């Protein structure tokens, strides 16, 4: 069950890991995926964390139809222009041709805001903050890869309406912090945080804030986005309200989302040549117990293994008591599936009232007395979570290089690293950088110092540039 080398052949390694760890299978339609229970449990853990976060903040979950009438998509011109190449259309129902084409949602702004226009009448109806967990279809075909880029995927999308610009912009920043916390505290994946260039801004938004991850091959990948829509949708969709002075006002809006792409990032950042490595906070089963059985000692070993399972129940442990498989085979299988901690118990261990505990992240083995097993594993899980984040953070920091010339930028991204450069903010210069270096603007911040890397003019941005997914 040997895997490809991650460092030298990341693409093939990734494809092997997601299949051998039993996370996904390929769907019958090109560019689609089947998320298997091992993979879906990761998404459920993500949902549980994020739902708790947004519900505590006052957001409510809802669901809207996946079929969107064409007339609604056309209401915001920049929005439909941005998504037109990716829209899949339904044109026939049964044997009857439809009078109007229906889009299978590429994103839900238009159908949600049609409802918001009916539900909001007064300032008392605001803020309105709904989120939905849904599937999305975008009919693109750029190297489809399960989780990372597929024609259908799962995501959450939040859509809020406020009475004031300040409230809306405050939410955009707050939600971005929620996403950063999810990736760094739960996924143990460090991220770059900033504002997208105008060219990379979500279609129809005033601006987009994003978090970006860096993959093992040096390419950046968008992890989550939070958009300030201003009144770009509220005016065409008539999302208006009567304020406290009895005057008609248009709402200020935000939208925000992340998808199952995040699971592909998780796999990529932490996995190794033995397979998947799960941060404990993401693992549904944090411990696997493997009894090492010989016929004459089977009952004794199994009795102790059962007690260990019962005592460690809060970690939702797996007791692998399957017959017909060697201990070594089982070790290998659970390494591939990324279970954070493995507990081995054999006849000699039973006699000494101990077990061998193995960390998945470092493969370090430790002999632990059975009475100390719970506390030791609890500490070990915290250590694994912290180690995975700190290791990934060190790799990210090492990959960022400050550059001052276009040739330096090209060299940096050619070596699989991230270039950080001053830039005047011009879309033409952004295009020139991409054309000459192959690097795309990722995210960044506004600045009031420095000179543009290309034309020497005063910089307005300090941006990350990299090859990207």
Can you name the residue in the range 115-132 that is surrounded by fewer than 16 Cβ atoms within 10 Å (Cβ to Cβ) and touching a helix residue (DSSP H, G or I) at 6+ places or on another chain (Cβ under 9 Å) and is also farthest from residue 66 (Cα to Cα) among such residues?
-> 125
How many residues does the range 26-79 hold that are surrounded by 16 or more Cβ atoms within 10 Å (Cβ to Cβ), within 20 Å of residue 171 (Cβ to Cβ) and either in contact with a strand residue (DSSP E or B) (Cβ under 9 Å, 6 or more places away or on another chain) or not assigned by TED's automatic domain parsing to the domain that holds residue 260 (or both)?
-> 4
Which of the following residues is farther than 25 Å from residue 393 by Cβ and crowded, with 24+ Cβ neighbours inside 10 Å: 163, 205?
-> 205
Selection status of residue 103, closer than 21 Å to residue 202 by Cα, under 28 Å from the mean Cα position of the chain (by Cα), crowded, with 19+ Cβ neighbours inside 10 Å and in the same structural domain as residue 148 (by TED's automatic domain parsing) = yes
Restricted to the range 357-401, and to residues that are without any contact (Cβ under 8 Å) to a residue 24 or more places away in the chain and touching a helix residue (DSSP H, G or I) at 6+ places or on another chain (Cβ under 7 Å), which residue is farthest from residue 277 (Cα to Cα)?
-> 401
Given the conditions (1) modelled with pLDDT under 95; (2) in contact with a helix residue (DSSP H, G or I) (Cβ under 9 Å, 6 or more places away or on another chain), every one holds for residue 159 apart from (1)
Could you tell me whether any residue of the range 402-414 is surrounded by 16 or more Cβ atoms within 10 Å (Cβ to Cβ), free of Cβ contacts under 8 Å to residues at least 24 places away in the same chain, within 25 Å of residue 271 (Cα to Cα) and out of contact with any helix residue (DSSP H, G or I) (no Cβ under 8 Å at 6 or more places or on another chain)?
-> yes
Is there a residue in the range 240-258 that is at pLDDT 95 or above, within 18 Å of residue 391 (Cα to Cα) and buried (at least 23 other Cβ atoms within 10 Å of the Cβ)?
-> no
When restricted to 122, 115, the only residue within 29 Å of the chain's Cα centre (by Cα) and at pLDDT 95 or above is 115
Of all residues in the range 327-356 being in contact with a strand residue (DSSP E or B) (Cβ under 7 Å, 6 or more places away or on another chain), touching a residue at least 60 places away in the same chain (Cβ under 8 Å) and in a helix (DSSP H, G or I), which is surrounded by the most Cβ atoms within 10 Å (Cβ to Cβ)?
-> 335
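The values are calculated or read from the model by the stated rules, or taken from the named source; none is laboratory data. Small disclaimer: the values here were computed from a predicted structure and weren't measured. Glycine gets a Cβ as well: all are built from the backbone with ideal geometry, and neighbour counts include every protein chain shown.
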